[in-house]
Amino acid sequence: MSTRSLETEGLTKSFGGVHAVNGASVAFQDGKINALIGPNGSGKTTFFNCVTGMIRADSGRVSYRGDDVTGAAPHRIAAAGIGRSFQLCRVFPRMTVLDNMLVGVRPQGLLHRLRGGHNAGDIARARQLLGRVGIDHLERSEARDISYGQQKLLELAGVLMTDPETIMLDEPAGGVNPALIGRLGTLVRELNAEGRTFIIVEHNMEMVMSLSHHVVVFDRGAPIAEGDPATVQNDPRVLEAYLGV
Amino acid sequence: MRSASKAPDGTTGTSGTTFDRVLLGGKVLLLLAGLALVLAFPGLAPDAFILSVGVTIASYAALAVGWNFVGGFTGYISLGHAAYSGLGGYATALLIIDGGLNPWLALGVGALGVAVVAVPIGVASLRVRGASFVIVSIAMVLILLLVSQSWADVTGGSSGLRVPRPFSDDVLRPEQHERFFYLHVALVAVALLVWWAIDRSRFGIGLKAIREDEDKAQSLGVPTFKYKLVVFVISAFFTALAGGMYALWFGYLDPIFQFSILIGSYMVLMSLLGGIRSLFGPVVGAVIVGYSLEYFKNQYGDSQFHLVALGLMLGLVVLFMPDGVLPAIGQLVNRFRPTATSIREESAADLLARTTKTEPRQAEEVSR
Ligand SMILES: Nc1ncnc2c1ncn2[C@@H]1O[C@H](COP(=O)(O)OP(=O)(O)OP(=O)(O)O)[C@@H](O)[C@H]1O
Ligand SMILES: [Mg+2]
């Protein structure tokens, strides 16, 4: 195994009496496509939110590549090299597709921020990424005017604009038609081949099993099994979590 | 099937189609005509009263543009921005009276002081969003009202404060108005220039992202709190300049009027009416609202009728032009675009994508 990726230790978050994440200790593999699966309400999204600083965990630790990032603000997590998408696809509705992309340009000091937002370098990179997900012809449309599938692609491209080493996707295939799911899978594989680590929450088992190298299964806020897709698929605890009780 | 504005080499030229060029030309012409009209106004005004109405409107415009640094870029609606115009007015006056400063120096130093004061206020109030932020901003102005009223030694209390005039008494009243008209216009111009520069910068793109979806922006690496604070302080600075300029012109400060929620509401109304996302939105709003206010006051005297009329106006705008007057006009113009871009171009695959995902999308939008 190469260097360490994202790791948590005893991560816990409760909402009132609901233990959404319950002492989760997980280690994801660097340079691999990791999947995080589990029944509805098992705490996957809450886990994502705690890790990326969107919500503050009650207790536990989060580290990334060996650095403690527990409780770090979302923009610090982004600066550390982790990009994420949201379960309910989030784009900036009243900004153009191109401007949506430019939000992700990494700021480097005061002068950099005062520079024109529409400079050739940033735009070229944005267009290249939009082309990669196949929506470069929409760059002048407002994000609210493009279709839902296109918004999902835009969200992914926007995350890529931050040049993240690790990409966390929350249900990338949710509400997306089969043809697009295929395209997404190809894209994830390509990006992974470039050296980017993925952590993907997904209910589409076909996609999970074909894509991922390492699978972590959540139930009631904590991992109950992990391993390669074949092993996990045949784990009785996993079957019980999905079918039982 | 790609839009006509897209050149064959794949780059979308900013110049675009002939229509775009005509549109740009039209905008430039309109801008120049507007500017000429503004500059000629003092010469065209028939009497000192009309001239003073012009100064009032210019003052409203300066306030609204100052407000719109926060409102327009971040979408945080501050109803208490009179705090900064009021502080700007008092700071300017007190620096002249007690500090013996030159009036113009007092104006600048006063506004800088207000900007410094705005830092802790921003740190405290920008932690909350939406309605909570609105309430905090109102609380701020109410606190200042109480303080300025009870701290009579310094502020003159309820009886008000006379502000020394910057121009000698030899300068007659209409001439005073004319000078202050141009001074206000210059202030508006500088504020607009700064707004425009921010709008096209990377900083501006980050701010607009905050307005659209703050958490999402932060997850993409935008240091949202810092950005909000910086633009908040800039906003306080320009609002204070507007307040100070008004104090120098009007020559008298009354706490009730300076630290009123009504003044803050005017700033919000003007900006919303003109369009908070447009550079000239607050100016257009200030002209419409300012003119109407003066008209109603003139027609119906000191009654509260002008407030009713104003409320009605706001209602109509929110209902029929939710984005404001300027964006509404922009949409109207866009209808005449030859290659109707309102018809979205999509491939069969996209169409399929849309028809198959309609259900989950709707479900998700409800829960959003
Ligand atoms: N903001 C919140 N307030 C209260 N309860 C919450 C909140 N967010 C999540 N929960 C609860 O925490 C639990 C875990 O929710 P979470 O969204 O993390 O699950 P999930 O694994 O992502 O589910 P799904 O697969 O349906 O997206 C659920 O019981 C949910 O109701
Ligand atoms: Mg979820």
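The values are calculated or read from the model by the stated rules, or taken from the named source; none is laboratory data. Small disclaimer: the values here were computed from a predicted structure and weren't measured. Quick reminder, even Gly has a Cβ in these numbers, built from the backbone with ideal geometry, and neighbours come from all protein chains shown. Note: areas computed on protein heavy atoms with side chains; ligands, DNA, RNA excluded. Shrake-Rupley method; radii C 1.70, N 1.55, O 1.52, S 1.80 Å.
Between A:L156, A:N192, A:H214, the Cα set farthest toward the positive side of the dipole of segment A:119-245 (charges on each charged residue's Cβ, about the Cα centre) is that of A:L156. Across chain A, the relative contact order, built from alpha-carbon pairs under 8 Å that are at least six residues apart, equals 28 percent.
Once the Cα atoms are used to define both axes, helix A:178-193 deviates from the longest principal axis of chain A by about 90 degrees.
Neighbouring Cβ atoms from other chains, within 10 Å of the Cβ of residues in B:204-214, number 6 on average. Overall shape of chain A was characterised from the C-alpha gyration tensor. The equivalent ellipsoid obtained from it has semi-axes of 30, 21, 16 Å, in decreasing order. Per-atom-type breakdown for chain B gives carbon and sulfur 69% of the accessible area (1.4 Å probe, protein chains only).
Under a model in which nothing but the beta-carbon of Lys, Arg (+1) and Asp, Glu (-1) is charged, the protein assembly as shown shows a dipole of about 580 debye around its Cα centre. Taking the empirical scaling 2.2 N^0.38 Å for compact globular proteins as reference, the protein assembly as shown has a Cα radius of gyration ratio of 1.11.
Computed packing ranks the peptides A:213-223, B:128-138 as A:213-223, B:128-138, most packed first, by mean other Cβ atoms within 10 Å.
Along the positive direction of the dipole of the protein assembly as shown (beta-carbon charges: Lys, Arg +1; Asp, Glu -1; about the Cα centre), which of B:V190, B:S52, A:S14 reaches farthest? Ranked along the dipole, the leading option is B:V190.
When only the Cβ of Lys, Arg, Asp and Glu is charged (+1, +1, -1, -1), the dipole of segment B:45-333 relative to its Cα centre reaches about 780 debye. In a simple Cβ point-charge model (Lys, Arg +1; Asp, Glu -1; nothing else charged), chain A has a dipole of about 660 debye relative to its Cα centre. Axis of helix B:325-334 versus longest Cα principal axis of chain B: the two differ by about 30°, to the nearest ten degrees. Number of Lys-Lys pairs in segment B:45-333 with C-alpha atoms under 26 Å apart and a separation of 8 or more places or on different chains: 5.
Excluding A:Y242 itself, calculate the net charge of residues whose Cβ lies under 11 Å from the Cβ of A:Y242, where each Lys or Arg counts +1 and each Asp or Glu counts -1.
Charge balance near A:Y242 sits at -2.
Translational diffusion of segment B:239-294, estimated by Stokes-Einstein from the Kirkwood radius over alpha carbon pairs at 10 °C in a medium of 1.306 mPa s, is 132 µm² per second. Taking Lys and Arg as +1 and Asp and Glu as -1, the other residues whose beta-carbon sits under 13 Å from that of A:E165 total +2. Once you sort the root eigenvalues of the Cα gyration tensor of segment B:190-256 as a ≥ b ≥ c, which label holds: rounded (a/c under 1.5), prolate (a/b larger than b/c) or oblate (the other case)? Taking the square roots of the gyration eigenvalues as a ≥ b ≥ c, segment B:190-256 is prolate. Across all C-alpha atoms in chain B, the radius of gyration and Dmax reach 22.9, 78 Å.
Helix B:305-320 and the long axis of chain B differ in direction by around 20°, with both axes built from C-alpha atoms.
Over both sides of the B-A contact, add up the buried accessible area with a 1.4 Å probe and give it to the nearest 100 Å².
4100 Å²
Taking only protein heavy atoms and a 1.4 Å probe, what accessible area per residue, in Å², does chain B have with all protein chains in place?
Details: 17650 Å² over 368 residues.
Value returned for chain B: 48 Å² of accessible area per residue.
Listed by chain and number, the aspartates and glutamates placed with their C-alpha closer than 13 angstrom to that of A:K44 are A:D170, A:E171, A:E202, A:D219; residues fewer than eight positions away on the same chain are left out. At the listed q of 0.24 Å⁻¹, the Debye profile of segment A:174-233, built from one uniform point per Cα, gives log10 I(q)/I(0) equal to -1.09. The calculated 222 nm mean residue ellipticity attributable to helices in chain B amounts to -25000 deg cm²/dmol, summing -39500 (n - 2.57) over DSSP H runs of n ≥ 4 and dividing by all residues. Placing unit charges on the Cβ atoms of the charged side chains and taking the dipole of the protein assembly as shown about its Cα centre, the candidate lying farthest along the positive direction among B:G75, B:Y291, A:I82 is B:Y291. What chain A shows is 40 Å² of accessible area per residue, with the surface traced by a 1.4 Å probe over protein heavy atoms.
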